[in-house]
Amino acid sequence: MKCKIILLFLALFILFIDKSSHAITKYDYSNQRFTGKASFRETFFDSAANYTGARFLKDADFRETVFKKEADFVAARFMDSTCFRDAQFLKSANFSDARFIEKADFQESIFHSSAEFRDVVFESEANFALASINKQAQFDRSHFRGPVLFSYSRFDSALSFGYSSFAEKAHFRGAQLEECVDFREASFIKDAIVDFTSAQIRNDVLLGSSRADDIQKYDFRLAVLFNDANIILYHPVDILMQHEKIRYIKLPENLDYFSKKVIIEGTKQASFEDDKYDEQRFEMDYVFAKSTMYQEKSTLPVESKWYHISRYPQWIGNTIYYWTMGLGFRPFRIIYWMLGTIILFALFYLIFFPTKINKYVFEDEDKPAQFTDTIINCLFFSFNLFFTFRLKREIVTFFEAGQKRLILVEWVLGFVSYIAFIALAKSGSILHSLKILFMG
């Protein structure tokens, strides 16, 4: 009996050792050459899969494969077509330094963790359509020498293409971009363009290349830009966009005045040179004005408003100018302030001397006034006073000293408002605003 028990434990121990050893070495294909078709279709890798430096000389089929642990394809070479369609990566997937000679198909694949495709060369089509990446996706310094498809893919975390190169069109049609997308220093060869048609952009998109002969090109005309979305230009780009969407364009705060001017002028020249883009050029100037409203014309970056008391008057003036007239680019914004001032002073008149207002409006007639009549009279008086160029003599003689001071304040505010509307509006801004209002 004792012998049987000992033999049973011994068998279980050997089985355990065998399975443990098998689990460690089972998925280690590092530096292995697959001379024929490598089919791992519908395989379930329950431990880390190591294909570092592997060579796939024929088709590599990983369709519907599940990688429960880390999947490592660093420096792998795929010499023929490669398919990871419907594959699931439950942990991190690392394809850094890999090379795909033929089509790389990652359609509908799901990356539950990070996806690293740094320094990868895609010699042919790279297809990530309908793919989903839940954590950071890195394509930095990768080379896309064929079409790039990210159509209807979803990125729940940051997506980076820094220092990558694109030789053909990159499609992001219908893609969901939840976090920051970084194209800084990416290189666009020939007619390469990134198309964001119907893409849902919810966060920052960082654009621009420091190479003067390499202007990046983007199409945002049919992109869906949410409230938190910003298109941040670090260098001039060629961008296709309606004038209504240019409000999403921003410039980095750490740049000096002249660097920002170079970005705006370069983008206008590359994107909106034709006369039909007057509205776009106007809106780009507004972007520049907003970005430099607290900046001196110098090579110093934007300065903190809190440490330079001597410049408070200028900054306060610019702030008021922005909120009342949009720095001269939104002159009709002052109308809201005018109406607010008229209503505010009408309220003062209603509180402090309504009887006097009624007598003045009714021309000293001893006519009883209802409360509604008093409100209307105060609004009527305030409106006429605000838009009066010359203060009437009877107003000066009819009201008492304290009342005249309040009246004089409103008259001065009105005079200053319509003078500011005429003098501080930027050239073409009034016509531009009216054109948008009546023609869209």
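Highest GNM mean-square fluctuation among Leu424, Leu339, Leu222, for the chain modelled with Cα contacts below 10 Å: Leu339.
If each residue of separation counts as 0.36 nm, what is the full-extension length gain between Ile419 and Glu244 once their alpha-carbon separation is subtracted?
60.2 nm
Here the gap between Ile189 and Gln176, fully extended at 0.36 nm per residue and compared with their Cα-Cα distance, gives a gain of 2.1 nm. Of Lys103/Lys260; Lys356/Lys426; Lys37/Lys69, which sit over 32 Å apart, Cα to Cα? In this structure, Lys103/Lys260; Lys356/Lys426 exceed 32 Å between Cα atoms.
Label point 7 Å out from Lys276 along Cα-to-Cβ: which residues of the stretch 219-239 have amide N under 14 Å? Hits in the stretch 219-239 for Lys276 at 14 Å: none. The alpha-carbon of Lys359 sits under 16 angstrom from the alpha-carbons of these aspartates and glutamates, leaving out residues fewer than 8 places away in its chain: Asp373, Glu394, Glu400.
The label point for Gln370 and the one for Val262, both projected 7 Å from the Cα toward the Cβ, are 7.0 nm apart. Near Leu206, once Lys and Arg are set to +1 and Asp and Glu to -1 for all other residues with Cβ below 9 Å from its Cβ, the sum equals -1.
Of Tyr29, Tyr277, the sequence from fewest to most neighbouring Cβ atoms within 10 angstrom is Tyr277, Tyr29.
Compute the signed sum of charges (Lys and Arg +1, Asp and Glu -1) over the other residues within less than 11 Å, Cβ to Cβ, of Phe62. Present the calculation step by step, with values, prior to reporting the outcome.
Numbers: positive: Arg41, Arg63, Arg85; negative: Glu42, Asp59, Asp61, Glu64, Asp86, Asp105.
Charge balance in the 11 Å sphere: -3.
Distance between the modelled labels on Glu42 and Glu296, one decimal in nanometres: 7.3 nm (7 Å Cα→Cβ projection).
What is the local net charge at Leu406, summed over the other residues whose Cβ is closer than 14 Å to its Cβ (Lys, Arg +1; Asp, Glu -1)? After counting each charged neighbour, the total is +1. Only helical runs count toward this figure. For the chain, summing -39,500 (n - 2.57) over DSSP H runs of n ≥ 4 and dividing by all residues gives -11000 deg cm²/dmol at 222 nm.
From the alpha carbon centroid of the stretch 219-292 to that of the stretch 98-147 is 29 Å. Answer rounded, prolate or oblate for the chain, using the Cα gyration tensor with square roots of eigenvalues a ≥ b ≥ c: rounded when a/c is under 1.5, else prolate when a/b is larger than b/c, else oblate. In terms of gyration-tensor shape, prolate. The mean sequence distance of close C-alpha pairs (under 8 Å, at least 6 residues apart), as a share of the length of the chain, puts its relative contact order at 6 percent.
Counting other Cβ atoms within 10 Å as a rough exposure proxy, the listed residues Ile264, Ile189, Ile101 run Ile189, Ile101, Ile264 from fewest neighbours to most.
No value in this document is a laboratory result; all are computed from the given coordinates. Just so it is clear, the model here is predicted, and its values are computed rather than measured. Counting neighbours? That spans all protein chains shown, and the Cβs are built from the backbone with ideal geometry, glycine included.
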